[in-house]
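**Student:** Take this structure, written in structure tokens, and hold onto it; I'll ask about it next.
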Amino acid sequence: MSATIALVDDDRNILTSVTIALEAEGFRVRTYPDGQRAWDVLRDKPADLAVLDIKMPRMDGMELLRRLREVTDMPIIFLTSKDDEIDQLLGLRMGADDYITKPFSQRLLIERIRTLLRRMDMTRATDKTEEESPADDILERGRLTLDPLRHIVTWDDKQVTLTVTEFLILQALAQHPGHVKSRDQLMDVAYSDDVYVDDRTIDSHIKRLRKKFRVVDTEFAAIETLYGVGYRYRQNEGVGDSDSQNGEDDPPQQNAAEQDSPVPEDGGVADGPDSSRADAPSP
């Protein structure tokens, strides 16, 4: 079954031209001329992926994004002006999975859509999602279980709904308990090379991950913040409260010697100067 794309933009020319291009590639398209109309439908009937313009009447793209992230893990790409870096970073911090700057190539948009759908495993036949995943594909870490094939995460057998970006970040951390992942390493896992992401974006994703797990376990403390280094998944996950020891939700300051290696359990790492990605776009 072909994927359904929700296209939200107040520019009728964009709605028409992008719809034609997507349908020519086999996608089904639902269009909405403003954020309010999109919200009225998508909150109860999400698409497989949504493309949102930021600046729209009635309800803008940021508000629509915020509301959608409360009810669905649907992949979201947002459209923004070329010079509006603040909107680009804010959208990613609020939970969007990708962005494209206007004016954009329809070929590029289609490729980004396909990439996100592949990451979500949405291109597989519907009946495949009902099958059991091979045991080798399932990652188990104590009370945590990640099933990449079906994009399912459970904690103590209770399902936790994550976006594709949140899933990839958690998977990267849980694959090597006790090993530190810097924010740059997590950016590389979660985003394509041509998407500029600042350090705070990863911090925002970690904060949302913790919040979602604490819906099913108020004492969830498996993701630790290591000052001067990054984040790690606890070797003895869920034991104790990492907040008081490692400053949960305070962004870790990066150190020049960041590496994917075990660190002492007491988190005794010296702070280093903060830095951001060197591939930031030119003005």
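None of the figures in this text is laboratory data; all of them are computed from the coordinates on show. Note that the structure is a prediction, hence the values are computed from the model and not measured. Glycine also receives a Cβ, built like all others from the backbone with ideal geometry; neighbour counts cover every protein chain displayed.
**Student:** Which value does Rg/Rh take for region 4-119 over its C-alpha atoms, Rh per Kirkwood? Show your work: numbers first, answer last.
**Tutor:** Working: Rg = 12.6 Å, Rh = 13.8 Å.
Over the Cα atoms of region 4-119, Rg/Rh equals 0.91.
**Student:** Run the numbers for Asp11 and Arg37: contour at 0.36 nm per residue of separation, minus the present Cα-Cα distance, in nm. Walk me through the numbers on the way to the answer.
**Tutor:** Details: separation 26, 0.36 × 26 = 9.36 nm, distance 1.43 nm.
Extra length available between Asp11 and Arg37 comes to 7.9 nm.
**Student:** Report the charge-dipole magnitude of region 4-119 in Debye, nearest 20, computed about the Cα centre from +1 at each Lys and Arg Cβ and -1 at each Asp and Glu Cβ. Kindly include the intermediate steps, with their values, before the conclusion.
**Tutor:** Details: 19 positive and 21 negative charges, 58 e Å.
In debye, rounded to 20, region 4-119 gives about 280.
**Student:** Could I ask something else about it? For the pairs Lys102/Lys207; Lys158/Lys207; Lys102/Lys212; Lys45/Lys212; Lys55/Lys181, flag any whose C-alpha to C-alpha distance is greater than 24 Å.
**Tutor:** Numbers: Lys102/Lys207 30 Å; Lys158/Lys207 19 Å; Lys102/Lys212 33 Å; Lys45/Lys212 21 Å; Lys55/Lys181 35 Å.
Lys102/Lys207; Lys102/Lys212; Lys55/Lys181, as the Cα separations exceed 24 Å there.
**Student:** Mean shadow of region 142-234, computed from the convex hull of its alpha carbons, in nm²? Numbers along the way, then the final one.
**Tutor:** Numbers: hull surface 23.7 nm².
It is 5.9 nm².
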